[in-house]
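The values are calculated or read from the model by the stated rules, or taken from the named source; none is laboratory data. The shown structure was predicted, so the numbers you read here are calculated from the model rather than taken from an experiment. Cβ atoms come from the backbone with ideal geometry, glycine included; neighbour counts cover every protein chain shown. These area figures cover heavy atoms from the full protein model, side chains too; ligands, DNA and RNA do not enter into them. Shrake-Rupley method; radii C 1.70, N 1.55, O 1.52, S 1.80 Å.
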Amino acid sequence: MKVTIERAQLAKSLAHVHRVVERRNTIPILANVLLRAGKSSVELKATDLDLEIVETAPGEGKTTGSTTVPAHMIYDIVRKLPEGAQVELQSASDGAQLQVRAGRSKFTLQALPETDFPDLAAGEMTHSFNIASADLKRLIDRTQFAISTEETRYYLNGIYLHAIDDKLRAVATDGHRLAQAEIKAPKGAKGMPGVIVPRKTVAEVQRLIDDAGEEVKVELSATKIRFSLGNAVLTSKLIDGTFPDYGRVIPAGNDKTLVVDKSEFMSAVDRVSTVSSERGRAVKLALTDGKLTLSVINPDSGSATEELEVEYGAEALDIGFNGRYLLDILQQIEGEKARLKLADPGSPTLIEDMEAAGALYVLMPMRV
Amino acid sequence: MPVRQLPENVVNRIAAGEVIERPASAVKELVENAIDAGATRVEVVISGGGRELIRVSDNGSGMNSEDLALCVERHATSKLDSEDLLNISTLGFRGEALPSIGAAARLSIVSRARGSDAAHEVRVEGGEKSTIRPAALSEGTRVEVRDLFYATPARLKFLKSEQAETAAVIDVIRRLALARPDVAFTIAANERVIQYPLRGTDEAGRAARLADVIGGDAHANTVPVDAAREGVRVRGLAGLPTFSKANSLSQYLFVNGRPVRDKVLMGAMRGGYADLLHSGRYPVAALFIELDPREVDVNVHPAKAEVRFRDPSLVRGLVVRALQDALSGGARRSATTGADRLVSFARPQSAPGYSSGWRGSSAPYRGGLAEAAQAAFETIAQPSADARANLAPVLQADLERPLGAARAQLHETYIVAQTVDGLVIVDQHAAHERIVYEKLKRALNENGISTQILLVPAVVELDDSDVAALVARAGELAKLGLVLEPFGQGAVLVRETPALLGETDAQNLVRDLAEHIAEWDDALPLERNLLAIASRISCHGSIRAGRRLKPEEMNALLREMERTENAGQCNHGRPTYVELKLFDIEKLFGRR
């Protein structure tokens, strides 16, 4: 294999694929990126056995062929080469090494043959649709923060993507809070199975989406999902589990409505949280007619209170929330105002975006 | 095969297996008999790990010929007056030991009743009783057991090595010796003779006996424990956390003078030392629990190693509390072994100057050129010798305090303080970490724990008994921030978790808790989880090694240590300071 690529092109593609490669591996070949030279392009492929990325970059192939080399190392090398350099990749005749040349720099990397490189057999995809990049980005951005990181409830370690009525809806929860976002279902999404897209895949899609152009093609089956984002194709296994019946935890009968200016509220929460030292310290909200008083008490260092003028007409209520969680949710609100629907200090609170229809958040209070 | 009544000698051998499991259990039974007979002197001789010979002689009340004939019969005893099994004040009562030994070995008992002018002997071999014969003995009783387990070869196969069996016998006698300082014990095993001389039954006597048993430095490294509540009294000595051991063999527990290995008590002991010891370290302690014999059932286990309390939580609570009180009182003490170790380490092995004299230059050989050039940097890299001498005046009042007045900081890590009669070296990071930790712990206790209510309550499936145990403790758990309730058959529903734990794995947390409760009857893992986080925070917020402290800061740290409970060791059980008395220093220089 012998191929010449422009440095910027190669660096960009490697930047995309190398992230899929785990830093520590027990199987040596998983640390490698597969390079396959065609006549006028180079295909780069990396996998961690759950997620596979294939990206195509333009290149001038003198001899076609393929090899695999350590992904993080070749990325670091290419990154440090001077701007505008032409990079030549040439594998040794026995295939055991790959030479990387650019200007007066020359590197020799240990290579492993392509035959050992695992293939994430995609199988047949049953559903396929195109979705506007902006829509997909919104679904991810609004819900990603609520994905659980706790491994035992593995079925919460991703975003639950499913079609409901004529909507495509994304839901994530970690057992303390829940986020839901939806868009009008694209053509072809109707009747798709509900799937749980793993956290790592979600993060990669989010990174690639800005370079993806107007539309993203999504294909899926009951066990796999594939996103075609511009030059990159991401294929991932899905989380094999049942997402809980989230509809039951979204409160319907909360009758105390609070409307508050989002940025004012966020700054206030952030300010009063300063006095709490340990994580998970509660912010108390005391609601009376037209007034919201936030307070944090830290017996070691002091206390903080702040008052806000709000729209609130129901009976007085005291409720505590994890300040961090409250900020996470408020950050997702697109409009200027947030609407909180409360019931009592021990029941879930519903937070709605007054401008973005379909986006809603549920937060469980803390007991203090 | 038809059902038939087993012949008596088979019954006896089966029963013997329960009571007499190994030579040590035979020794235990015989020595307990001697103590029950009111002996003040007990001599034990064993050979071959007790397999060849066990001989126990005492100066107790002895038996006349009728008693002697009866004592080797099953369920014959002199120790149970009435038929009240609830009121047992002797060590033995089941009337099983002698016939069991007789069923499995060659047993000979020679005894002379007090006041009688003749001694008698009875022999039992493999369950066959001989006639009573006159014999010679000046006082008390002498029991000889030869060829133990010759009649039960299966048991013989499972015995451990001679050394292991000897060690077990000695351990049994140690435990009994601790319980009864007013009895003198002599053990001759193989070539070794161990003697525990007669001691008083008061505090000093107990301490002296403990020192006999555990070793000479026990006295200086233990604190007395004494507490009573509702008719239960716990007394004894608890080792300082810095005087811990790597196994639990130095834990001696007694209930009404009876050595036990009881789970409730062992759990309580762990509870008492909960955050003072690193896991894998075990405290040294001898605790004597005294209560009305009717409040405890000793008839649970043939070897009586376990007991059952009528109110286990009372006993448990009392022991935990008593240990915590005793240890926090003695907290300002670190183990003296620290100083001892230091002194022995620091004592020059040969006079300095001689050591490198004849080898020529004492400077180490340096290799290549590059290294020689590098050497110039070495002095820069070395820790600063700046000792931050005392700039502030030393107050007499400070000198008189337990940790004295700070005089210098060495290597930006150790504070050297002067006391009236010695000097103290403090590890500033370890000490400050402990102070911050104790503060956090107090805050947790005082302010309560805020909980995060779960959006999706977690269902945890468990055994029914575990569910019952957890639900019974729901109130206590709720105080620690874990709110759960029963959820149908064999499951609990977790509704709230401690906010401090963040996003936590309720399944594992609850399962661990259930297992722990089943075994130890306390909710330690949850508390420990919370405190582990507290201690991580405390480590983060502590003064690190390598930070320069001003004299005022050093003194403030010392005063804070004096005020803090358990300041003698860091969260991992290492000492936070070492005290060297003038006496120790004088020893260093050979003045003593």
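Of the residues making up the range B:236-250, those that are under 11 Å from the mean Cα position of the chain (by Cα) and open to solvent by 10 Å² or more (accessible area, probe 1.4 Å) are B:237, B:243, B:244, B:245, B:246, B:247, B:248, B:249, B:250. Among residues of the range B:126-139 being at pLDDT below 85 and in a strand (DSSP E or B), the one that is nearest to residue B:13 (Cα to Cα) is B:128.
Select from the range A:124-153 the residues that are within 11 Å of another protein chain (Cβ to nearest Cβ), part of a helix (DSSP H, G or I) and not basic (Lys, Arg) and write down the one among them that is most open to solvent (accessible area, probe 1.4 Å). Break it down into steps so the answer makes sense when it comes.
Quick first cut of the range A:124-153, residues within 11 Å of another protein chain (Cβ to nearest Cβ) only: A:146-153.
Applying the additional criterion that residues be part of a helix (DSSP H, G or I) yields A:146, A:151-153.
Of the ones still in play, those that are also not basic (Lys, Arg) are A:146, A:151-152.
On the way: A:146: 0, A:151: 129, A:152: 61 Å².
Going through the qualifying residues, I end up with A:151.
Exactly one residue out of B:223, B:145 is buried (at least 16 other Cβ atoms within 10 Å of the Cβ), outside any loop (DSSP other than H, G, I, E, B) and assigned by TED's automatic domain parsing to the domain that holds residue B:38, and it is B:145.
Of the residues making up the range A:92-112, those that are open to solvent by 70 Å² or more (accessible area, probe 1.4 Å) and assigned to a loop (DSSP other than H, G, I, E, B) are A:93, A:94, A:103, A:104.
Residue by residue through the range B:486-511, note down the ones that are among the small types (Gly, Ala, Ser) and either away from chain A (no Cβ under 14 Å) or closer than 14 Å to residue B:526 by Cβ (or both).
So the first thing to find is which residues in the range B:486-511 are among the small types (Gly, Ala, Ser), and the list is B:488, B:490-491, B:499, B:502, B:506.
Hits for the range B:486-511 are B:488, B:490, B:491, B:499, B:506.
Do you know which residues across the range B:259-280 are under 23 Å from residue B:170 (Cα atoms) and either surrounded by 15 or more Cβ atoms within 10 Å (Cβ to Cβ) or among the small types (Gly, Ala, Ser) (or both)? Write out each step before concluding.
The first filter runs over the range B:259-280 and keeps only residues under 23 Å from residue B:170 (Cα atoms), leaving B:259-263, B:265-266.
B:259, B:260, B:261, B:262, B:265, B:266 - these are the residues of the range B:259-280 that are under 23 Å from residue B:170 (Cα atoms) and either surrounded by 15 or more Cβ atoms within 10 Å (Cβ to Cβ) or among the small types (Gly, Ala, Ser) (or both).
If you filter the range B:281-302 down to residues that are among the charged types (D, E, K, R) and not in a helix (DSSP H, G or I), you find that the one that is most open to solvent (accessible area, probe 1.4 Å) is B:281.
Take the residues in the range B:175-184 that are out of contact with any Asp or Glu (no Cβ under 8 Å at 6 or more places or on another chain) and touching a residue at least 40 places away in the same chain (Cβ under 8 Å); name whichever of them is nearest to residue B:205 (Cα to Cα).
Filtering the range B:175-184 for residues out of contact with any Asp or Glu (no Cβ under 8 Å at 6 or more places or on another chain) gives B:175, B:178-184.
Now restrict to residues that are touching a residue at least 40 places away in the same chain (Cβ under 8 Å): B:175, B:178-180, B:182-184.
Values: B:175: 15, B:178: 10, B:179: 11, B:180: 10, B:182: 8, B:183: 11, B:184: 12 Å.
Residue satisfying both the conditions and the ranking: B:182.
Scanning the range A:323-338 for residues that are open to solvent by 10 Å² or more (accessible area, probe 1.4 Å) and assigned to a strand (DSSP E or B) gives a single hit, A:337. Screening residue A:358 with (1) in contact (Cβ under 8 Å) with a residue 40 or more places away in the chain; (2) within 14 Å of chain B (Cβ to nearest Cβ); (3) under 24 Å from the mean Cα position of the chain (by Cα) gives one miss only, at (2). Candidates in the range B:416-457 are the residues that are in contact with a Ser or Thr (Cβ under 9 Å, 6 or more places away or on another chain), in a strand (DSSP E or B) and surrounded by fewer than 22 Cβ atoms within 10 Å (Cβ to Cβ); of these, the one that is farthest from the other protein chains (Cβ to nearest Cβ) is B:427.
Look through B:89, B:78, B:100, B:82 and report the one residue that is buried (at least 22 other Cβ atoms within 10 Å of the Cβ) and either in the same structural domain as residue B:153 (by TED's automatic domain parsing) or modelled with pLDDT under 85 (or both). Steps first, please.
Values: B:89 fails: buried (at least 22 other Cβ atoms within 10 Å of the Cβ); B:78 fails: buried (at least 22 other Cβ atoms within 10 Å of the Cβ); B:82 fails: buried (at least 22 other Cβ atoms within 10 Å of the Cβ).
The unique qualifying residue is B:100.
Give the residue, chosen from A:314, A:304, that is open to solvent by less than 80 Å² (accessible area, probe 1.4 Å), modelled with pLDDT of 90 or more and over 34 Å from the mean Cα position of the chain (by Cα). After applying the criteria, what remains is A:304. When A:22, A:55, A:43 are checked against the criterion of being closer than 22 Å to residue A:119 by Cβ, among the charged types (D, E, K, R), part of a loop (DSSP other than H, G, I, E, B) and under 30 Å from the mean Cα position of the chain (by Cα), a single residue qualifies: A:22.
The set of residues from the range A:239-279 being of a type outside the set (Asp, Glu), within 30 Å of residue A:155 (Cα to Cα) and without any contact (Cβ under 8 Å) to a residue 60 or more places away in the chain comprises A:247, A:248, A:252, A:279.
Quick one: which residue in A:240, A:270, A:210 is of a type in the set (D, E, K, R), under 17 Å from the mean Cα position of the chain (by Cα) and either surrounded by fewer than 20 Cβ atoms within 10 Å (Cβ to Cβ) or in a loop (DSSP other than H, G, I, E, B) (or both)? Working first, answer last.
Working: A:240 fails: under 17 Å from the mean Cα position of the chain (by Cα); A:270 fails: under 17 Å from the mean Cα position of the chain (by Cα).
Of A:240, A:270, A:210, the one residue that is of a type in the set (D, E, K, R), under 17 Å from the mean Cα position of the chain (by Cα) and either surrounded by fewer than 20 Cβ atoms within 10 Å (Cβ to Cβ) or in a loop (DSSP other than H, G, I, E, B) (or both) is A:210.
Does the range A:322-343 include one or more residues that are out of contact with any Lys or Arg (no Cβ under 9 Å at 6 or more places or on another chain), within 14 Å of chain B (Cβ to nearest Cβ) and among the polar types (S, T, N, Q)? Within the range A:322-343 (the criterion being out of contact with any Lys or Arg (no Cβ under 9 Å at 6 or more places or on another chain), within 14 Å of chain B (Cβ to nearest Cβ) and among the polar types (S, T, N, Q)), the answer is no, since none of the residues qualifies.
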